[in-house]
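Engineer: Sharing a structure here in structure tokens format.
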Amino acid sequence: MSGDFNRRLREAAQQGVGAADERIGLNQYMELVREHPTVAASSYQRVYDMVAAQGVTPATGRDEAASYGFFSGDLFGLDPVLEKLVSYFESAGLGHETRKRILLLWGPPGGAKSTIAALLKRGLEAYSRTEAGAMYAIDGCPMHEEPLHLVPDHLRAEAEAHLGVGIEGQLCPVCRHRLREEHGGDFLRMPLRRLFVSEAERMAIGTFEPSDPKSMSIEQLTGGMDLKGIKEHGSDSHPLALDWAGEFSKANRGIFEAIEFLKNPREFLFSFLSLAAERQFKVPKFGYVSADFVIIGHCNEADFRRVMGDPSSEALRDRLAPIAVPYTVRLDDERRIYEKLLDEPRRKAEFHVAPHALDAAATVAVLSRLTEHENLEPLEKLKLYGGEEVGDFKLAQVPEIRRAAEHEGMAGLGPRRIIDVLSGAATAQTRDGHEAPCLDPVATLLALRREIDRMEIPAQQRDEYIGYISTAREELDRVLKLEVQKAFVPAFSEKAEQIVENYLLNVEAYLQAVRVTDPITGEERDPDENLMRSIEEQIGVSDVAKDEFRQGVMVRIGMAARQGRPLTYKTDGKLGEAIEKRLFEEMRSIVRVTTSKVNPDRQQLERKNAVLDEMIRERGYCTRCASAVLDYVGDLLNR
């Protein structure tokens, strides 16, 4: 293992060294472009190719969104946002007017705006080191510009036809000077080199964040005078007398991230607008300088609304391509965000996260982001968005419900705040010297309650958030009861299979209007309505809706059989939930007696230990949280 690691270290140390040192001429470069046109791709096309290279899963329906492998391990619940983002790059890469728009990500804090920008920057760094993402620049150019700028204007049409790519932009002042002074105007002698994108080295990545207006200077973007260069060359208009250290120059060929974009002074914003519209920027003492880079701005909703509502900002609004980045409103996606953010701290601190702890926190967070619906309770809406049909609402109605809730996900508790609470709760246990620190679901909700009590928010909003904790607590109680009940019944699956087999036998006879033959006595009888209703009522299926539910169950079971899936009580999710609840009612008295005994007898102790062992071995609990959950459920059953 050590030898393999050392070998990989050596390979990493040598990666790109030869390519970085290699120099080629324009003729060689043009042959590369003919064979691989993507070598001369624009910044927009390059970003699109980078994302597309990691795979795209097409949308499955009109109201669904495609998903992209490039983002899949880092962003969750943002497929519609990412689809708009990738469409922007695709359109701009094809040369449409989209490339003259500044991409502006706006939304609530902690909503992944800066994460999207960071992923694109890191991705472009890695992509430029692959053969598919190879790019070249004029050696010594402070803007690492496109080598095809060396082709004279009168030959460009012929060159474009020869290469099959467009040529836009002119040489920067430094390269014009070098071409004239060092190479006598012979552009074929100008050396070119492989370009590797690097934010640390300011190679094709630029970042700008507004600061105190009094200390800000437009030269931070365009570059300023180099006093030493002026002294050496005798003029402040000499190309080598400019430091060329502005972010516009350094971002050329790649990505420019504008943090808190709309907080920039107006004169800065106009520089961005000119750059976006004309693909060039003005440098003092020089003419316009060509540039090709993606501008990604991001801001909060308040700044976005302010600018959108300001009549004097019409020119700015016209040059923006805004994309809203809301919080996710899907429980599973929110939990996956927590899992990702807690992964490294959990490994370092060696604390355990109990089953359902992250779901409990995610439930509170998502509930706080949902808008009201006249016919759906918040928890029902959460479940519907999560893929579970609720009452008379079907999953096909979700897109319509989402469209009617225009502002949904733009306010509420963000992942950043929730993670701070979870991390704080886990750290407190570690600090207090617990042998096995564990973040259990009840402790999670208590920590969230303390955080909400401390938040400086209006009393009405605080009451709403506390109400969401109560709702999450009720849902958690239901889940934990079911968890313990499953652990109490070693033959749970066998009992469940018996019930589902009996239920389906009766439902099939009911729908076909025939009698049921008893498998033991051979006697015929009517379908057992009491049995069927005792199961269906567990999940709120009304007497009016029972026929539709039964037909749906048989259709879904039939589809599973045609797909070769084995028939179990879990084959149909709704039916499985109903059977689990039915079994829990049967086992309630056994669970109550066992969990409530302070001094259990031998049989009860054996049963309790068996349950704890089941929870630890099969359900992801540790010794501490398994005992805590068992005691908690026992208390619930004895209230």
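Engineer: State all residues of region 287-308 that are closer than 30 Å to P142 by Cβ and β-branched (V, I, T); if no residue qualifies, say none. If you could, list the steps in order and put the result at the bottom.
Structural biologist: As a first pass, look at region 287-308 and keep what is closer than 30 Å to P142 by Cβ: 287-299.
V289, V294, I295, I296, listed by residue number.
Engineer: May I ask you to list the residues in region 549-576 that are open to solvent by less than 30 Å² (accessible area, probe 1.4 Å) and more than 26 Å from K486 (Cβ to Cβ)?
Structural biologist: The answer is G558, and nothing else.
Engineer: Residue check, E97 against (1) open to solvent by 10 Å² or more (accessible area, probe 1.4 Å); (2) in contact with a Ser or Thr (Cβ under 7 Å, 6 or more places away or on another chain), all met but one. Which one?
Structural biologist: (2)
Engineer: So, of the residues in region 185-196 that are in a loop (DSSP other than H, G, I, E, B) and either open to solvent by less than 50 Å² (accessible area, probe 1.4 Å) or not charged (D, E, K, R) (or both), which turns out to be nearest to H149 (Cα to Cα)? Spell out how you get there, then give the answer.
Structural biologist: Here is the first cut: in region 185-196, the ones in a loop (DSSP other than H, G, I, E, B) are 185-186, 190-191, 195-196.
From what's left, either open to solvent by less than 50 Å² (accessible area, probe 1.4 Å) or not charged (D, E, K, R) (or both): 185, 190-191, 195-196.
Numbers: G185: 13, M190: 11, P191: 13, L195: 16, F196: 19 Å.
Within region 185-196, the match that is nearest to H149 (Cα to Cα) is M190.
Engineer: Just name the residue that is farthest from D333 (Cα to Cα) out of those in region 52-83 that are touching a residue at least 60 places away in the same chain (Cβ under 8 Å) and surrounded by 17 or more Cβ atoms within 10 Å (Cβ to Cβ).
Structural biologist: Per the criteria, the residue is V81.
Engineer: Residue check, G206 against (1) open to solvent by 10 Å² or more (accessible area, probe 1.4 Å); (2) on the phi < 0 side of the Ramachandran plot; (3) among the small types (G, A, S), all met but one. Which one?
Structural biologist: For G206, the exception is condition (1).
Engineer: Can you name the residue in region 84-94 that is open to solvent by less than 60 Å² (accessible area, probe 1.4 Å) and aliphatic (A, V, I, L, M) and is also nearest to Q45 (Cα to Cα) among such residues? Break it down into steps so the answer makes sense when it comes.
Structural biologist: Let us first name the residues in region 84-94 that are open to solvent by less than 60 Å² (accessible area, probe 1.4 Å), namely 85-89, 91-93.
Pick out the ones that are also aliphatic (A, V, I, L, M) and you get 85-86, 92.
On the way: L85: 13, V86: 10, A92: 7 Å.
Among residues in region 84-94 that are open to solvent by less than 60 Å² (accessible area, probe 1.4 Å) and aliphatic (A, V, I, L, M), the one nearest to Q45 (Cα to Cα) is A92.
Engineer: Among what's in region 212-226 and is closer than 20 Å to M143 by Cα and of a type in the set (A, V, I, L, M), pick the residue that is modelled with the lowest pLDDT.
Structural biologist: M225
Engineer: Is it the case that some residue within region 177-184 is within 30 Å of A117 (Cα to Cα), in contact (Cβ under 8 Å) with a residue 24 or more places away in the chain and surrounded by 13 or more Cβ atoms within 10 Å (Cβ to Cβ)?
Structural biologist: Here is the first cut: in region 177-184, the residues within 30 Å of A117 (Cα to Cα) are none.
No, that holds for no residue.
Engineer: Any residue at all in region 286-296 that is of a type in the set (A, V, I, L, M, F, W, C) and surrounded by fewer than 18 Cβ atoms within 10 Å (Cβ to Cβ)?
Structural biologist: Step one: list which residues in region 286-296 are of a type in the set (A, V, I, L, M, F, W, C), which gives 286, 289, 291, 293-296.
Among the residues that remain, those that are also surrounded by fewer than 18 Cβ atoms within 10 Å (Cβ to Cβ) are: 286.
The answer is yes, given that some residue of region 286-296 is of a type in the set (A, V, I, L, M, F, W, C) and surrounded by fewer than 18 Cβ atoms within 10 Å (Cβ to Cβ).
Engineer: Here is a further query. Quick check on I138: is it within 30 Å of F270 (Cα to Cα), β-branched (V, I, T) and open to solvent by 10 Å² or more (accessible area, probe 1.4 Å)?
Structural biologist: On the way: within 30 Å of F270 (Cα to Cα): yes; β-branched (V, I, T): yes; open to solvent by 10 Å² or more (accessible area, probe 1.4 Å): no.
No: the conditions fail for I138.
Engineer: Next question. Enumerate the pairs (first residue in region 619-633 and free of Cβ contacts under 8 Å to residues at least 24 places away in the same chain and hydrophobic (A, V, I, L, M, F, W, C); second residue anywhere and surrounded by 18 or more Cβ atoms within 10 Å (Cβ to Cβ) and not in a helix (DSSP H, G or I)) with beta-carbon separation below 9 Å, excluding pairs fewer than 6 apart on the same chain, so at least 6 apart or on different chains.
Structural biologist: Cβ pairs passing all conditions: A626/A354.
Engineer: So, one more: Give the number of residues within region 300-350 that are in a helix (DSSP H, G or I), touching a strand residue (DSSP E or B) at 6+ places or on another chain (Cβ under 7 Å) and of a type outside the set (A, V, I, L, M, F, W, C).
Structural biologist: First, the residues of region 300-350 that are in a helix (DSSP H, G or I): 301-308, 311-318, 331-349.
Filter again for touching a strand residue (DSSP E or B) at 6+ places or on another chain (Cβ under 7 Å), leaving 301, 304, 342, 346.
Filter again for of a type outside the set (A, V, I, L, M, F, W, C), leaving 301, 346.
Total satisfying the criteria: 2.
Engineer: Examine region 518-534 for a residue that is over 22 Å from E388 (Cβ atoms), touching a Pro at 6+ places or on another chain (Cβ under 6 Å), touching a residue at least 12 places away in the same chain (Cβ under 8 Å) and open to solvent by 50 Å² or more (accessible area, probe 1.4 Å), and state whether such a residue exists. Talk me through it step by step, then tell me what you get.
Structural biologist: So the first thing to find is which residues in region 518-534 are over 22 Å from E388 (Cβ atoms), and the list is 518-531.
Subsequent filtering for residues that are touching a Pro at 6+ places or on another chain (Cβ under 6 Å) retains none.
Scanning region 518-534 turns up no residue that is over 22 Å from E388 (Cβ atoms), touching a Pro at 6+ places or on another chain (Cβ under 6 Å), touching a residue at least 12 places away in the same chain (Cβ under 8 Å) and open to solvent by 50 Å² or more (accessible area, probe 1.4 Å).
Engineer: Of all residues in region 185-204, which are farther than 20 Å from Y29 by Cβ and touching a residue at least 24 places away in the same chain (Cβ under 8 Å)? I'd like the intermediate steps shown before the answer.
Structural biologist: At the first step, the residues of region 185-204 found to be farther than 20 Å from Y29 by Cβ are 198-202.
Those that are farther than 20 Å from Y29 by Cβ and touching a residue at least 24 places away in the same chain (Cβ under 8 Å): S198, E199, R202.
Rundown of residues vs (1) open to solvent by less than 20 Å² (accessible area, probe 1.4 Å); (2) within 21 Å of Y327 (Cβ to Cβ); (3) among the β-branched types (V, I, T), yes/no style:
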{"site": "E350", "(1), (2), (3)": "no, no, no"}
{"site": "A361", "(1), (2), (3)": "yes, yes, no"}
{"site": "E372", "(1), (2), (3)": "no, yes, no"}
{"site": "G387", "(1), (2), (3)": "no, yes, no"}
{"site": "A396", "(1), (2), (3)": "no, no, no"}
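Engineer: Got a number for residues in region 619-634 being out of contact with any helix residue (DSSP H, G or I) (no Cβ under 8 Å at 6 or more places or on another chain) and of a type in the set (D, E, K, R)?
Structural biologist: 1
Engineer: May I pose another question? Just give me the residues in region 105-135 being polar (S, T, N, Q) and either open to solvent by less than 20 Å² (accessible area, probe 1.4 Å) or in a helix (DSSP H, G or I) (or both), in sequence order. Break it down stepwise before answering.
Structural biologist: At the first step, the residues of region 105-135 found to be polar (S, T, N, Q) are 114-115, 128, 130.
Answer for region 105-135, where residues must be polar (S, T, N, Q) and either open to solvent by less than 20 Å² (accessible area, probe 1.4 Å) or in a helix (DSSP H, G or I) (or both): S114, T115, S128.
Engineer: Now a separate question. Can you report the number of residues in region 209-223 which are open to solvent by 10 Å² or more (accessible area, probe 1.4 Å), in contact with an Asp or Glu (Cβ under 7 Å, 6 or more places away or on another chain) and of a type outside the set (A, V, I, L, M, F, W, C)? Lay out the reasoning, then the answer.
Structural biologist: Filtering region 209-223 down to residues open to solvent by 10 Å² or more (accessible area, probe 1.4 Å) leaves 209-220.
Next cut, in contact with an Asp or Glu (Cβ under 7 Å, 6 or more places away or on another chain) only: 209-210, 218, 220.
The next check asks that each one be of a type outside the set (A, V, I, L, M, F, W, C); those that pass are 209-210, 220.
The qualifying residues number 3.
Engineer: Could you please give the count of residues in region 321-355 that are farther than 23 Å from G409 by Cβ and at pLDDT 90 or above? Outline the logic, then answer.
Structural biologist: Step one: filter region 321-355 for residues farther than 23 Å from G409 by Cβ, giving 343-355.
Of the ones still in play, those that are also at pLDDT 90 or above are 353-355.
Counting residues in region 321-355 that are farther than 23 Å from G409 by Cβ and at pLDDT 90 or above gives 3.
Engineer: Something else now. Taking region 197-250, which residues are outside any helix (DSSP H, G or I) and among the basic types (K, R)? Explain how you work it out, then say what you get.
Structural biologist: Start the filter on region 197-250 by keeping residues that are outside any helix (DSSP H, G or I), which leaves 197-218, 223-226, 234-238, 242-246.
Within region 197-250, R202, K214 qualify.
Engineer: Can you name every residue in region 157-176 that is within 18 Å of A291 (Cβ to Cβ) and in a helix (DSSP H, G or I)?
Structural biologist: Listed by number, the residues that qualify are P173, V174, C175, R176.
Engineer: Looking only at residues that are part of a loop (DSSP other than H, G, I, E, B) and of a type in the set (S, T, N, Q) in region 501-547, which one is nearest to the chain's Cα centre (by Cα)? It would help to see each step written out before you state the result.
Structural biologist: Start the filter on region 501-547 by keeping residues that are part of a loop (DSSP other than H, G, I, E, B), which leaves 513-515, 518-523, 526-528, 540-545.
Remaining after also requiring of a type in the set (S, T, N, Q): 521, 542.
Values: T521: 58, S542: 38 Å.
Looking at residues that are part of a loop (DSSP other than H, G, I, E, B) and of a type in the set (S, T, N, Q), I get S542.
Engineer: Right, here's the next one. From D303, D318, grab the single residue that is under 30 Å from T222 (Cβ atoms) and open to solvent by 30 Å² or more (accessible area, probe 1.4 Å).
Structural biologist: Values: D303 fails: open to solvent by 30 Å² or more (accessible area, probe 1.4 Å).
Answer to the check: D318.
Engineer: Shifting gears a bit: If only one of Y44, Y88, Y48 is in contact with a Lys or Arg (Cβ under 6 Å, 6 or more places away or on another chain), more than 28 Å from E344 (Cβ to Cβ) and not aliphatic (A, V, I, L, M), which one is it?
Structural biologist: Details: Y88 fails: in contact with a Lys or Arg (Cβ under 6 Å, 6 or more places away or on another chain); Y48 fails: in contact with a Lys or Arg (Cβ under 6 Å, 6 or more places away or on another chain).
Unique residue meeting the criteria: Y44.
Engineer: Checking the conditions here, which among R416, R369, R431 is under 26 Å from N300 (Cα atoms) and either in contact with a helix residue (DSSP H, G or I) (Cβ under 8 Å, 6 or more places away or on another chain) or modelled with pLDDT under 95 (or both)?
Structural biologist: Values: R369 fails: either in contact with a helix residue (DSSP H, G or I) (Cβ under 8 Å, 6 or more places away or on another chain) or modelled with pLDDT under 95 (or both); R431 fails: under 26 Å from N300 (Cα atoms).
After applying the criteria, what remains is R416.
The values are calculated or read from the model by the stated rules, or taken from the named source; none is laboratory data. Fair warning: this is a prediction, and the values are worked out from it, not measured in the lab. Heads up, the Cβs are rebuilt from the backbone with ideal geometry, glycines too, and the neighbour counts pull from every protein chain shown. Heads up: the accessible areas ignore ligands, DNA and RNA and are worked out on the full protein's heavy atoms, side chains in. Shrake-Rupley method; radii C 1.70, N 1.55, O 1.52, S 1.80 Å.
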